[in-house]
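These notes are about the structure you will find just below.
The values are calculated or read from the model by the stated rules, or taken from the named source; none is laboratory data. The shown structure was predicted, so the numbers you read here are calculated from the model rather than taken from an experiment. No Cβ is skipped: glycine too gets one built from the backbone with ideal geometry, and neighbour counts run over all protein chains shown.
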């Protein structure tokens, strides 16, 4: 029997953390706050973690990290993006205490709404320790937050990285429109911090060297049918269990989108079928449905904050 478990999901506003990128599309959603917004400023779809301890740690002695601890996780999203892109979002880079790393690799010709493939590898202990020390010494991750400034441009993405070395709690740094060419209004100090943050983001994605394809055993499924968006293309047959057996809304007023999680063989089948499908259109339970499937990295909650 294929395993799956119910995860309550309200996907009524900005759905998930950020999105794959910024691009105008019919049926787009701005994910920077409640409702739509065209104002400049940081745009995120999940509040940052609120730490209780500073990032300062002693540099002497060996670095001890729990194997399953998320040492670094970077996401980029927000701005004006299609609903399908938001639903399909995955962390750009995730690094664990035992050196496991997962890197998003959408590849050329990626279609919004299809699963974003992840590649996996392992960071050598010495390289991971050096990276952790570098992040700790950067001064960019603090309880008070870091001032990266706000470029004068609207509907851009925000890059957020959550870091936890051997400190008791994780810390998050977020920069709006990181790496963009829009620098008007930014101070020299803000530009310097942005460049330092960019270097860390780039370094994190290259720590493991060779990466291999990865098939998840946990996936998120989001039903966008209620958005009135039925994509073009012939529907594929939904390979998973009945939708009402694992998809749920939160029950909040106005909640229409449903979210749920599949695990094990059911997750692997749905993920493979979604990669092969040319769109997010499916026939399921005798209806044409708009379903988005996304991989979940180890320990990631399928439908958080719903």
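Quick test of your reading of the structure: residue 110 fulfils all but one of (1) within 30 Å of residue 257 (Cβ to Cβ); (2) touching a strand residue (DSSP E or B) at 6+ places or on another chain (Cβ under 6 Å); (3) in a loop (DSSP other than H, G, I, E, B). Name the failing condition by number.
(2)
Please go through region 174-188 and give me each residue that is farther than 14 Å from residue 92 by Cβ and in contact (Cβ under 8 Å) with a residue 24 or more places away in the chain, ordered by number.
Within region 174-188, 176, 177, 180, 182, 183, 184, 185, 186, 187 meet the criteria.
Just to check your reading of the model, which residue among 126, 169, 196 is without any contact (Cβ under 8 Å) to a residue 24 or more places away in the chain and either more than 30 Å from residue 277 (Cβ to Cβ) or touching a helix residue (DSSP H, G or I) at 6+ places or on another chain (Cβ under 6 Å) (or both)?
Only one candidate qualifies: 126.
Could you check how many residues of region 194-204 are buried (at least 17 other Cβ atoms within 10 Å of the Cβ) and under 18 Å from residue 105 (Cβ atoms)?
2
How many residues, within region 180-203, are modelled with pLDDT under 95 and within 30 Å of residue 68 (Cα to Cα)?
Qualifying residue count for the region: 0.
Filter region 103-123 down to the residues that are touching a helix residue (DSSP H, G or I) at 6+ places or on another chain (Cβ under 7 Å) and modelled with pLDDT of 95 or more, then identify the one that is nearest to residue 76 (Cα to Cα).
103
Would you confirm, using the coordinates I've provided, whether residue 220 is modelled with pLDDT of 95 or more and not assigned by TED's automatic domain parsing to the domain that holds residue 123?
Yes.
Under the condition of being surrounded by 11 or more Cβ atoms within 10 Å (Cβ to Cβ) and under 13 Å from residue 156 (Cβ atoms), which residue from region 180-193 is nearest to the chain's Cα centre (by Cα)?
180
Applying the selection to region 66-98, what residues are in a loop (DSSP other than H, G, I, E, B) and surrounded by 19 or more Cβ atoms within 10 Å (Cβ to Cβ)?
Result: 78, 79, 88, 89, 90, 91, 92, 97.
Within region 212-223, does at least one residue satisfy the condition of being exposed (fewer than 15 other Cβ atoms within 10 Å of the Cβ), touching a residue at least 12 places away in the same chain (Cβ under 8 Å), within 19 Å of the chain's Cα centre (by Cα) and part of a helix (DSSP H, G or I)?
no
Residue 202 versus (1) outside any loop (DSSP other than H, G, I, E, B); (2) more than 30 Å from residue 271 (Cβ to Cβ): which is the lone unmet condition?
(2)
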